[in-house]
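Q: The structure is given below, and queries will be raised subsequently.
The values are calculated or read from the model by the stated rules, or taken from the named source; none is laboratory data. Please read all numbers here as calculations on a predicted model, not as lab measurements. Using ideal geometry, Cβ is built from the backbone for each residue, glycine included, and neighbour counts are taken over all protein chains shown.
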Amino acid sequence: MFPFWKFAVLPVLRSIGAKRVVEIGALRGENTDLMLRDLDDDVELHVIDPAPEFDPTVHEREWSGRYVFHRALSLDVLSGLPPMDAAIIDGDHNWYTVHNELRQLTDVATAAGKPMPLMILHDVGWPYGRRDLYYAPETIPAEFRQPWRRAGMLPGKSELVDSGGLNPDMANATSEGGERNGVMTAVDDFVAAHPKPIRVVVLPVYFGLAILVEEDVLTHSAKLRWHFDRLEGEQGKDQLMKLAEHAHLKAMIYQHAALQRADDRHARVATRYLHAVAGSIGADDAGNWCRALVEAGAGDVVLADVDDAACITLALAHVVATDRDEVVRLVGASDAAVAAATEMSAGLGLDAGRLVRGVDDADVVGLVGTGTTDNDVVRRLDASGVPVVRFGGDPAP
Ligand SMILES: C[S@@+](CC[C@H](N)C(=O)[O-])C[C@H]1O[C@@H](n2cnc3c(N)ncnc32)[C@H](O)[C@@H]1O
């Protein structure tokens with residue numbers, strides 16, 4: 001939720017003069033860092049996360065006296081904390097957790113004679129506004145847990161999808177909408193049951209942010225009212241569009257870098273695989289035969305009855321290495337072997353378009369076969385005088 005920091009979160013925290021704030025769900029601590037950097041020295045910050053991806057002791061040392069980290073589930077901790085001026089809720093995105101976080105925070109404040117804390121919640125838009133996510137499904141009581149499975153989500157589609165989609169590794173509720181499902185539904189239910197009117201501002205970008213405050217508090221804080229009006233006004237919408245575009249571009253750049261890294265990793269793995277397979281099945285021989293044939297003169301190389309993807313790919317690598325236009329012609333290879341070789345070749349950065357099925361003997365320079373001559377093409381090429389090399393034993397031409 002850190003993209004909202006300067007535009008929305010910091011201004012509203014400042015405008016209420018928040019002195020004690022809790023952050024639920026910190027992940028890599030990016031938002032935590034912003035809070036520690038930008039909030040005044042007299043602000044006490046509690047952070048709750050059962051599995052942070054940063055070392056909280058670094059913060060504890062650096063910000064000693066104003067920073068308390070709780071390695072726990074929010075609902076095991078919140079009732080025992082002092083009353084908060086504000087809460088930033090970005091932990092487990094399901095109805096049961098969020099509804100009870102809002103309730104516990106409010107009960108503690110009420111018992112201390114204070115208004116409901118300013119609540120700032122992330123993920124009130126798609127995908128978790130109306131669909132539960134469970135970081136640890138077993139921690140949610142069965143009667144409040146939606147049917148779930150680890151599968152991806154698509155916008156506008158209630159059911160999960162079997163391949164692709166967003167967050168396919170997460171425990172997502174199997175359908176969207178309905179009662180007690182999702183973060184925004186928890187907010188709606190909480191607001192409807194709260195004894196005092198609450199103003200809710202929703203910023204519908206970057207998975208959605210909601211800010212909740214009791215109307216009474218707004219009446220007494222002109223600054224906070226001004227910010228709420230700003231966020232919902234024309235100027236706020238304009239800034240929100242810029243923020244959304246910026247976040248979108250950052251996400252794309254991040255994804256492209258991740259894809260590039262994955263491609264490089266796949267290519268390295270494919271190469272290692274290719275060499276391992278080549279070593280075990282003798283594909284090195286086929287590669288060597290191909291190289292010898294290619295070096296013998298211009299013309300395509302035919303692989304007859306070679307049904308191994310690694311072998312075909314290795315042959316293509318030799319043909320491509322000549323920097324000429326020859327192709328590898330495949331005779332008798334199965335669809336599966338051709339498809340696998342095409343994928344493997346692409347993974348290695350080889351032009352898989354140079355794997356061609358069928359043979360035109362006019363421009364064939366050589367033939368590498370599996371040793372069988374029980375094949376029309378092998379017999380025809382043998383008879384036409386092109387160099388024929390049997391895979392797996394014959395000397396190179
Ligand atoms: C979406 S991430 C938080 C992102 C973070 N606020 C930011 O802006 O960078 C959710 C985090 O919530 C934590 N979490 C999951 N269940 C929780 C719970 N019941 N109480 C507190 N934190 C929880 C997860 O460990 C995870 O680090």
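Q: Please verify whether LEU259 is aliphatic (A, V, I, L, M) and in contact (Cβ under 8 Å) with a residue 12 or more places away in the chain, treating the condition exactly as stated.
A: Working: aliphatic (A, V, I, L, M): yes; in contact (Cβ under 8 Å) with a residue 12 or more places away in the chain: no.
For LEU259, the condition - aliphatic (A, V, I, L, M) and in contact (Cβ under 8 Å) with a residue 12 or more places away in the chain - is not met.
Q: Right, something else. How about region 278-397: which helices (runs of 4 or more DSSP H) wholly inside it have at least 3 residues that are at pLDDT below 75? Walk me through it before giving the result.
A: Working: elements: 283-296, 309-321, 335-347, 376-384.
Helices (runs of 4 or more DSSP H) meeting the threshold: 283-296, 376-384.
Q: When you check VAL58 against the structure, is it farther than 30 Å from GLU143 by Cα, free of Cβ contacts under 8 Å to residues at least 40 places away in the same chain, more than 25 Å from the chain's Cα centre (by Cα) and part of a helix (DSSP H, G or I), yes or no?
A: Details: farther than 30 Å from GLU143 by Cα: yes; free of Cβ contacts under 8 Å to residues at least 40 places away in the same chain: yes; more than 25 Å from the chain's Cα centre (by Cα): yes; part of a helix (DSSP H, G or I): yes.
Yes.
Q: Could you grab me the full set of residues in region 312-331 that are under 19 Å from GLU343 (Cβ atoms) and in contact (Cβ under 8 Å) with a residue 40 or more places away in the chain?
A: ILE312, LEU314, ALA315
Q: For region 70-85, which positions are touching a residue at least 24 places away in the same chain (Cβ under 8 Å) and in contact with a Pro (Cβ under 8 Å, 6 or more places away or on another chain)? Step through it out loud before you land on a result.
A: Step one: list which residues in region 70-85 are touching a residue at least 24 places away in the same chain (Cβ under 8 Å), which gives 70, 72-75, 77-79, 81-85.
Residues satisfying the conditions are ALA72, LEU73, PRO83, MET84, ASP85.
Q: Could you please let me know if ASP189 is among the charged types (D, E, K, R) and not assigned by TED's automatic domain parsing to the domain that holds ALA87? Spell out how you get there, then give the answer.
A: Working: among the charged types (D, E, K, R): yes; not assigned by TED's automatic domain parsing to the domain that holds ALA87: no.
For ASP189, the condition - among the charged types (D, E, K, R) and not assigned by TED's automatic domain parsing to the domain that holds ALA87 - is not met.
Each row is one residue, and each column tells you yes or no for (1) in contact with a strand residue (DSSP E or B) (Cβ under 7 Å, 6 or more places away or on another chain); (2) surrounded by 16 or more Cβ atoms within 10 Å (Cβ to Cβ); (3) of a type in the set (Ser, Thr, Tyr).
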{"site": "ARG28", "(1), (2), (3)": "no, no, no"}
{"site": "ASN31", "(1), (2), (3)": "yes, yes, no"}
{"site": "PRO52", "(1), (2), (3)": "no, yes, no"}
{"site": "HIS93", "(1), (2), (3)": "yes, yes, no"}
{"site": "TYR96", "(1), (2), (3)": "no, yes, yes"}
{"site": "GLN104", "(1), (2), (3)": "no, yes, no"}
{"site": "MET116", "(1), (2), (3)": "yes, yes, no"}
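Q: Please work out which one of (1) over 30 Å from ASN167 (Cβ atoms); (2) free of Cβ contacts under 8 Å to residues at least 60 places away in the same chain is the condition ASP216 fails and give its number.
A: Tallying (1) over 30 Å from ASN167 (Cβ atoms); (2) free of Cβ contacts under 8 Å to residues at least 60 places away in the same chain, ASP216 fails exactly one: (2).
Q: So, in region 1-54, exactly how many residues are away from the ligand (no atom under 11 Å from the Cβ), closer than 14 Å to PHE69 by Cα and part of a helix (DSSP H, G or I)?
A: Going through region 1-54 one residue at a time, the tally reaches 1.
Q: Considering each residue of region 87-118, count those that are in a strand (DSSP E or B) and either within 14 Å of the ligand (Cβ to nearest atom) or modelled with pLDDT under 95 (or both), and give that number.
A: Within region 87-118, the first condition is being in a strand (DSSP E or B), and the residues that meet it are 87-89, 118.
Subsequent filtering for residues that are either within 14 Å of the ligand (Cβ to nearest atom) or modelled with pLDDT under 95 (or both) retains 87-89.
Number of matching residues: 3.
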